[in-house]
Amino acid sequence: MSERFDPITLEILWRRLISIVDEADVTVARTAFSSLLRDAHDYTCMFTDRQGRELAQGTLATPGQSGAMALGIKSIVEKFVTSELQPGDVFITNDPWALAGHLNDVCVLSPIFHHEQLVGFTACVFHHSDIGGRVASDNRDVFEEGLFIPLVKLYAGGKLNEEVLDMIRWNVRTPDEIVGDIRSQTAANHVCAIQVCKLLSDYKLDSLDDLADEIIERTEASMRASITELADGIYTSSVEIEQRPEEPNLTIAASIEVSGDEITVDLSGSSAEVRWGGNVVYNFTYAYVFMALKSMFDPEVPNNHGSAAPIRLIAPEGSVVNCHFPAAVAARMQIGHFLTEVVYRALSPALPDRVLAASGGTPATMNVFYGKDHVGVPWHTVIIRGGGMGASQGEDGGHCFIFPANGANTPVEILESETPLHIECRQLLPDSGGAGKQRGGLGRRVVFRVPEGESALSGPVNMGLQSGRFQLPPEGLNGGCSGGLAHFSVNNEAGDPYGLTQLQPGDVVTMDAAGGGGFGNPLDRELELVAADLERGYISSTRASEDYGVVLDSEGIIDAAGSISERRSRRKAQKAKRRGA
């Protein structure tokens, strides 16, 4: 008979499981070599029961990794012959189709043994700054994108497989950093395993099985109860996503069926896979669909296997949201990040208070830089930045958010300390937030220069870019306006956001991230909020008049009476236009 836990004990144990993963997170922050991990937090730690069912993930997990891991780890565990596993085993892989969608996301997976019995698994995925290959979004297949590591043992019974590390070293540009980060992953798993075993000892439990069953059952029941509050029906939407200039734009189309306490998301109307690195594997697609639904229906309950039980995803093989091997996938976020947006847009008529307008940080902006310093020593770094957050029904969008990826903007000080590059400007972009009753968050500009002189560099700086919103701005919701477009230029000439750009000494690069979409009719925005935006420089007087219908006096102060009259006139015109349409 399975053991049941009283509510207080269950809550204590559940929170302790999460704190264990958070301690593994702290281990990463203390031991990782790459700033992409330490500062931008582009990694996820989790652990599962012995069946591979997710039990807990780090509080600051990245949704694209955590959702994909929840599927991938379970699939891997189901293929293990558990009797052949032993304490001290550690596995490593970066198979995009098995886990998080591209080669840079390397997974280290370890079985957890307690009293010589297998009780679970701990795993972490790091986005490694370099995995070799040609660092550009316009690669044609995965073979161009770097080293592919099948599932192999990194440690066997506690003994390091040096040949695996040597293979990795000889396929990357900065081997000491990459190997250091792999050791950091191993350390994080070790910390997690030790603390899980301590929990079992403290509470005199032989395994995690009964605790896992109760946590997962309660989580599933909570998610299902929330879904039943929405009326049954089919909700549809689509998002158009820009491609390379010579290719037609593509579409992600979603049909979301709510039936009782279950949801089916059907992406059958989406475009076929593309001839560049934006293709998305099934796990990554699932991750951002799940992220949208979880945030809408049951945001307070921690993620685990039970959260996903009521959700079914249909993504046709060969489509851009479920690509075939060996499609190029390195830039999968340029398309995959839009999956959360299309789910929000589909359900926005039914649940307007639980969604966001489109965000300028969808997709996030990721720069890969590498070159050689003045004495020929290779250097390599990756930085990520966000744009304006989409507004919601109740709040303005925040500035410079990486949404839905949940990363952190790389600090200027880190970029300048790890590379020869010089930052000349970093600022918010006025008028980039979409107008609305709630205004979209502002985009941001970063300008950097490649230094000149023999003491700076020996050769060009190579830059790969993953980003978007250069042609199609983030759209508003419920009458809100679109945010501002992204922009990328080198020496004031438009750059190629898909290919590999070679920068020469003295080159100046400008990168503008898009602003977020607005929510609601701009004519309904409170005059005090418009005045505050003017004072802070978030909007210009021209946009205040054109978008928000305010009247300014000769000193630029809002004329309340005149503004009320002007807005009344414009609302009448809007109603007449809708009747005519």
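Can you find, within region 420-452, the residue that is farthest from Asn478 (Cα to Cα) among those that are polar (S, T, N, Q) and surrounded by 23 or more Cβ atoms within 10 Å (Cβ to Cβ)?
Filtering first and then ranking leaves Ser432.
Are any of the residues in region 503-521 surrounded by fewer than 13 Cβ atoms within 10 Å (Cβ to Cβ), in the same structural domain as Thr362 (by TED's automatic domain parsing) and out of contact with any strand residue (DSSP E or B) (no Cβ under 6 Å at 6 or more places or on another chain)?
Yes: region 503-521 contains one or more residues that are surrounded by fewer than 13 Cβ atoms within 10 Å (Cβ to Cβ), in the same structural domain as Thr362 (by TED's automatic domain parsing) and out of contact with any strand residue (DSSP E or B) (no Cβ under 6 Å at 6 or more places or on another chain).
Looking only at region 539-552, filter to residues that are in contact with a Ser or Thr (Cβ under 9 Å, 6 or more places away or on another chain) and in a loop (DSSP other than H, G, I, E, B); which one of those is surrounded by the most Cβ atoms within 10 Å (Cβ to Cβ)? Please lay out each step first, then the result.
To start, the set of residues in region 539-552 that are in contact with a Ser or Thr (Cβ under 9 Å, 6 or more places away or on another chain) comprises 548-552.
Filter once more, keeping what is in a loop (DSSP other than H, G, I, E, B): 549-551.
Numbers: Gly549: 24, Val550: 26, Val551: 17.
Filtering first and then ranking leaves Val550.
When you go through (1) surrounded by 16 or more Cβ atoms within 10 Å (Cβ to Cβ); (2) out of contact with any Lys or Arg (no Cβ under 9 Å at 6 or more places or on another chain); (3) within 24 Å of Glu54 (Cα to Cα); (4) of a type outside the set (Gly, Ala, Ser) one by one for Glu273, which number turns out not to apply?
If we test Glu273 against (1) surrounded by 16 or more Cβ atoms within 10 Å (Cβ to Cβ); (2) out of contact with any Lys or Arg (no Cβ under 9 Å at 6 or more places or on another chain); (3) within 24 Å of Glu54 (Cα to Cα); (4) of a type outside the set (Gly, Ala, Ser), just (3) comes out false.
Condition (residue is within 20 Å of Arg345 (Cβ to Cβ), at pLDDT 90 or above, outside any helix (DSSP H, G or I) and out of contact with any helix residue (DSSP H, G or I) (no Cβ under 7 Å at 6 or more places or on another chain)) applied to region 441-452: is it met by at least one residue?
Taking region 441-452 and keeping what is within 20 Å of Arg345 (Cβ to Cβ), we get 441.
Right, trim to at pLDDT 90 or above and you get 441.
Among the residues that remain, those that are also outside any helix (DSSP H, G or I) are: 441.
Going one step further and asking which of them are out of contact with any helix residue (DSSP H, G or I) (no Cβ under 7 Å at 6 or more places or on another chain), we end up with 441.
Checking region 441-452: at least one residue is within 20 Å of Arg345 (Cβ to Cβ), at pLDDT 90 or above, outside any helix (DSSP H, G or I) and out of contact with any helix residue (DSSP H, G or I) (no Cβ under 7 Å at 6 or more places or on another chain).
Condition first: of a type in the set (Asp, Glu), part of a helix (DSSP H, G or I), in contact with a His (Cβ under 9 Å, 6 or more places away or on another chain) and surrounded by fewer than 16 Cβ atoms within 10 Å (Cβ to Cβ). Now tell me which residues in region 199-237 satisfy that.
Start the filter on region 199-237 by keeping residues that are of a type in the set (Asp, Glu), which leaves 202, 206, 209-210, 213-214, 217, 220, 229, 232.
Imposing the further condition that a residue be part of a helix (DSSP H, G or I) reduces the set to 202, 209-210, 213-214, 217, 220.
Of the ones still in play, those that are also in contact with a His (Cβ under 9 Å, 6 or more places away or on another chain) are 220.
The answer is none; no residue qualifies.
In region 410-440, what residues are in contact (Cβ under 8 Å) with a residue 24 or more places away in the chain, out of contact with any strand residue (DSSP E or B) (no Cβ under 6 Å at 6 or more places or on another chain) and not in a loop (DSSP other than H, G, I, E, B)?
Matches in region 410-440: Ile414 only.
Going through Asp166, Asp181 one at a time, which residue ends up being over 20 Å from Ile335 (Cα atoms), under 22 Å from the mean Cα position of the chain (by Cα) and not polar (S, T, N, Q)? Full working, then the answer.
Details: Asp166 fails: under 22 Å from the mean Cα position of the chain (by Cα).
Among Asp166, Asp181, only Asp181 is over 20 Å from Ile335 (Cα atoms), under 22 Å from the mean Cα position of the chain (by Cα) and not polar (S, T, N, Q).
Just the residues that are over 23 Å from the mean Cα position of the chain (by Cα), under 24 Å from Arg332 (Cα atoms) and not in a loop (DSSP other than H, G, I, E, B), please, taken from region 135-159.
Listed by number, the residues that qualify are Phe143, Glu144.
I'd like to verify a number: residues in region 1-56 that are in a helix (DSSP H, G or I) and small (Gly, Ala, Ser), how many? I'd like the intermediate steps shown before the answer.
Of all residues in region 1-56, those in a helix (DSSP H, G or I) come to 7-31, 35-38.
Subsequent filtering for residues that are small (Gly, Ala, Ser) retains 19, 24, 29, 35.
Qualifying residue count, region 1-56: 4.
For region 494-527, which positions are among the hydrophobic types (A, V, I, L, M, F, W, C) and in a loop (DSSP other than H, G, I, E, B)?
The first filter runs over region 494-527 and keeps only residues among the hydrophobic types (A, V, I, L, M, F, W, C), leaving 494, 500, 503, 508-509, 511, 513-514, 519, 523, 527.
Within region 494-527, Ala513, Ala514 meet the criteria.
Which of (1) more than 24 Å from the chain's Cα centre (by Cα); (2) modelled with pLDDT under 95 is the odd one out, the single condition Ile194 does not satisfy?
(2)
Return the only residue of Val343, Val355 being closer than 23 Å to Phe290 by Cβ, in contact with a Lys or Arg (Cβ under 8 Å, 6 or more places away or on another chain) and in contact (Cβ under 8 Å) with a residue 12 or more places away in the chain.
Details: Val343 fails: in contact with a Lys or Arg (Cβ under 8 Å, 6 or more places away or on another chain).
Exactly one of Val343, Val355 is closer than 23 Å to Phe290 by Cβ, in contact with a Lys or Arg (Cβ under 8 Å, 6 or more places away or on another chain) and in contact (Cβ under 8 Å) with a residue 12 or more places away in the chain, namely Val355.
In region 210-238, how many are in contact with a strand residue (DSSP E or B) (Cβ under 7 Å, 6 or more places away or on another chain) and not aliphatic (A, V, I, L, M)?
6
Does Glu317 qualify as being surrounded by fewer than 22 Cβ atoms within 10 Å (Cβ to Cβ), closer than 27 Å to Phe148 by Cα and out of contact with any strand residue (DSSP E or B) (no Cβ under 9 Å at 6 or more places or on another chain)?
Values: surrounded by fewer than 22 Cβ atoms within 10 Å (Cβ to Cβ): yes; closer than 27 Å to Phe148 by Cα: yes; out of contact with any strand residue (DSSP E or B) (no Cβ under 9 Å at 6 or more places or on another chain): yes.
Yes; evaluated as a whole, the condition is true for this residue.
Search region 135-173 for residues being of a type in the set (Lys, Arg) and farther than 20 Å from Ser34 by Cβ, and hand back the single one that is surrounded by the fewest Cβ atoms within 10 Å (Cβ to Cβ).
Of all residues in region 135-173, those of a type in the set (Lys, Arg) come to 140, 153, 159, 169, 173.
So of that shortlist, the ones also farther than 20 Å from Ser34 by Cβ come out as 140, 153, 159.
Numbers: Arg140: 14, Lys153: 14, Lys159: 10.
Ranking the candidates gives Lys159 first.
Which residue, of Ala56, Ala32, is among the aliphatic types (A, V, I, L, M), in contact (Cβ under 8 Å) with a residue 40 or more places away in the chain and either closer than 29 Å to Leu313 by Cα or in the same structural domain as Cys400 (by TED's automatic domain parsing) (or both)?
Details: Ala32 fails: either closer than 29 Å to Leu313 by Cα or in the same structural domain as Cys400 (by TED's automatic domain parsing) (or both).
Only one candidate passes the filter, namely Ala56.
Specify the residue that is modelled with the highest pLDDT; the eligible residues are those in region 103-134 that are surrounded by fewer than 22 Cβ atoms within 10 Å (Cβ to Cβ) and among the charged types (D, E, K, R).
Ranking the qualifying residues of region 103-134, first place goes to Glu116.
Could you check, for region 174-181, whether at least one of its residues is surrounded by fewer than 20 Cβ atoms within 10 Å (Cβ to Cβ), charged (D, E, K, R) and within 30 Å of Leu118 (Cβ to Cβ)?
no
Could you say whether any residue in region 339-352 is assigned to a helix (DSSP H, G or I), of a type in the set (S, T, N, Q) and farther than 22 Å from Arg469 by Cα?
As a first pass, look at region 339-352 and keep what is assigned to a helix (DSSP H, G or I): 339-347, 352.
Okay, now just the ones that are also of a type in the set (S, T, N, Q), so 340.
Still in the list and also farther than 22 Å from Arg469 by Cα: none.
Looking for residues that are assigned to a helix (DSSP H, G or I), of a type in the set (S, T, N, Q) and farther than 22 Å from Arg469 by Cα, one finds none in region 339-352, hence no.
For the subset of region 306-343 comprising residues that are touching a helix residue (DSSP H, G or I) at 6+ places or on another chain (Cβ under 6 Å) and of a type outside the set (A, V, I, L, M), which member is nearest to Leu477 (Cα to Cα)?
Step by step, filter region 306-343, then rank; the result is Thr340.
Being out of contact with any Asp or Glu (no Cβ under 8 Å at 6 or more places or on another chain) and of a type in the set (A, V, I, L, M) is true for just one of Leu71, Leu60, Leu37. Which residue is that? Can you show your working first?
Working: Leu60 fails: out of contact with any Asp or Glu (no Cβ under 8 Å at 6 or more places or on another chain); Leu37 fails: out of contact with any Asp or Glu (no Cβ under 8 Å at 6 or more places or on another chain).
Among Leu71, Leu60, Leu37, only Leu71 is out of contact with any Asp or Glu (no Cβ under 8 Å at 6 or more places or on another chain) and of a type in the set (A, V, I, L, M).
Which count do you get for residues in region 339-365 that are buried (at least 24 other Cβ atoms within 10 Å of the Cβ) and under 21 Å from Ala486 (Cβ atoms)?
The qualifying residues number 15.
Within region 392-403, identify whether any single residue is of a type in the set (A, V, I, L, M) and closer than 30 Å to Pro175 by Cα, and answer yes or no. First the steps, then the outcome.
Residues of region 392-403 of a type in the set (A, V, I, L, M): 402.
Then drop every residue that is not closer than 30 Å to Pro175 by Cα, which leaves 402.
Yes; the residues of region 392-403 include at least one that is of a type in the set (A, V, I, L, M) and closer than 30 Å to Pro175 by Cα.
Considering region 553-576 alone, what residues qualify as being more than 16 Å from Val530 (Cβ to Cβ) and in a loop (DSSP other than H, G, I, E, B)?
The answer is Ser554, and nothing else.
Consider only pairs whose beta carbons are under 9 Å apart and that are at least six residues apart or on different chains; among these, list those whose first residue lies in region 68-94 and is without any contact (Cβ under 8 Å) to a residue 60 or more places away in the chain and whose second residue is aromatic (Phe, Trp, Tyr) and assigned to a loop (DSSP other than H, G, I, E, B).
Here the result reads Asn94/Phe148, each pair linking region 68-94 to a residue that is aromatic (Phe, Trp, Tyr) and assigned to a loop (DSSP other than H, G, I, E, B).
The values are calculated or read from the model by the stated rules, or taken from the named source; none is laboratory data. Because the structure is predicted, anything quoted here is derived from the model rather than measured. Reconstructed Cβ throughout: ideal geometry from the backbone, glycine too, with neighbour counts over all protein chains shown.
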